[in-house]
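Data first, discussion second: the structure below is written as structure tokens.
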Amino acid sequence: MSNNPHGRTRGLLMMVVAPSGVGKTSLTRRLVADHNDLHLSISATTRDPRPGEHDGRDYHFVTRDKFQVMIQDDAFLEWAEVYGNHYGSPRGPVVEALERGESVLFDIDFQGAMKVHAQLPDDSVLIYVLPPSLAEMSRRLHARSQDSEEVIARRLSRAKDEVADWERFDYVILNDDFDKAYSDLAHIYHAERQKRARNPWIGNLVADLLKEEV
């Protein structure tokens, strides 16, 4: 929540999209750690936890039956099936955060980002993170040893399709140097928080300033 004494700054939905292996998770987790007014949207998924992942921190791990109930209850801003598993962004926590004047960061895929943006266009900011090359992306995917060759091939093909739509994003960041990419991401967040439309209190402050006798 904003600490501005003049009034509350409206939060934003910051959606960061990138192919697997580009470093999106490292970038977004650091941004959240460095900003106490920014919270990570925790997705629900039907896939099994990977080594080191924890329920409620990395994802809400739910059964397929539970996920279907949430769909029927319109509990998601967006949801999709990806590589045989279901993923979705719970609506309630996001809407509540915006109403409190807090911002929410989405570590989300391309289609999900477009669906959220379609519902909340004035609150959302779309950011795409590019790899330095597909060869480097392939190297990183093989190094982490989490996917089969078939899945890696699908991820690389999908990355080409997404990159072709780069013009649909508000910002594009190249992650060939992590520290620079992080600096770019943080600057985007700071600038978006300062936009006039997200700071309605400015109008009253300016009116008061104009009334002052000097």
Of the numbered conditions (1) in contact (Cβ under 8 Å) with a residue 24 or more places away in the chain; (2) of a type outside the set (A, V, I, L, M, F, W, C); (3) within 19 Å of Val16 (Cβ to Cβ), Arg47 fails exactly one; give the number of that condition. (3)
Given the criteria loosely packed, with under 13 Cβ neighbours inside 10 Å, at pLDDT 75 or above, under 17 Å from Thr25 (Cβ atoms) and of a type in the set (D, E, K, R), does Asp184 qualify? no
Every listed condition ((1) closer than 26 Å to Ala118 by Cβ; (2) exposed (fewer than 13 other Cβ atoms within 10 Å of the Cβ); (3) not basic (Lys, Arg)) holds for Gly52 save (1)
Flagged in the stretch 116-143 as surrounded by 17 or more Cβ atoms within 10 Å (Cβ to Cβ) and farther than 10 Å from Leu12 by Cα, in numbering order, are Val116, His117, Leu126, Ile127, Tyr128, Val129, Leu130, Pro131, Met137, Ser138, Leu141
Residue in the stretch 59-92 that is nearest to Gln111 (Cα to Cα), counting only those that are surrounded by fewer than 17 Cβ atoms within 10 Å (Cβ to Cβ) and among the acidic types (Asp, Glu): Glu81
For the stretch 50-84, give me each residue that is aliphatic (A, V, I, L, M) and touching a residue at least 12 places away in the same chain (Cβ under 8 Å). Val62, Met70, Ile71, Ala75, Leu77, Ala80, Val82
Within the stretch 2-17, restricting to residues that are in a loop (DSSP other than H, G, I, E, B) and modelled with pLDDT of 90 or more, the one that is farthest from Gln119 (Cα to Cα) is Gly11
Members of the stretch 163-186 found to be in a loop (DSSP other than H, G, I, E, B) and among the hydrophobic types (A, V, I, L, M, F, W, C), listed by number: Ala164, Phe169
Suppose we filter the stretch 16-37 for residues that are under 11 Å from the mean Cα position of the chain (by Cα) and more than 16 Å from Asp58 (Cα to Cα); how many remain? 2
Output yes when any residue across the stretch 188-203 is over 15 Å from Val22 (Cα atoms), of a type in the set (A, V, I, L, M), modelled with pLDDT of 95 or more and out of contact with any helix residue (DSSP H, G or I) (no Cβ under 6 Å at 6 or more places or on another chain), and no when none is. yes
Right, Ile173: surrounded by 14 or more Cβ atoms within 10 Å (Cβ to Cβ) and without any contact (Cβ under 8 Å) to a residue 24 or more places away in the chain or not? no
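The values are calculated or read from the model by the stated rules, or taken from the named source; none is laboratory data. Predicted model, so just to flag it, every value in this text is computed and none were measured. Please note: Cβ atoms are built from the backbone with ideal geometry, for glycine as well, and neighbour counts cover all protein chains shown.
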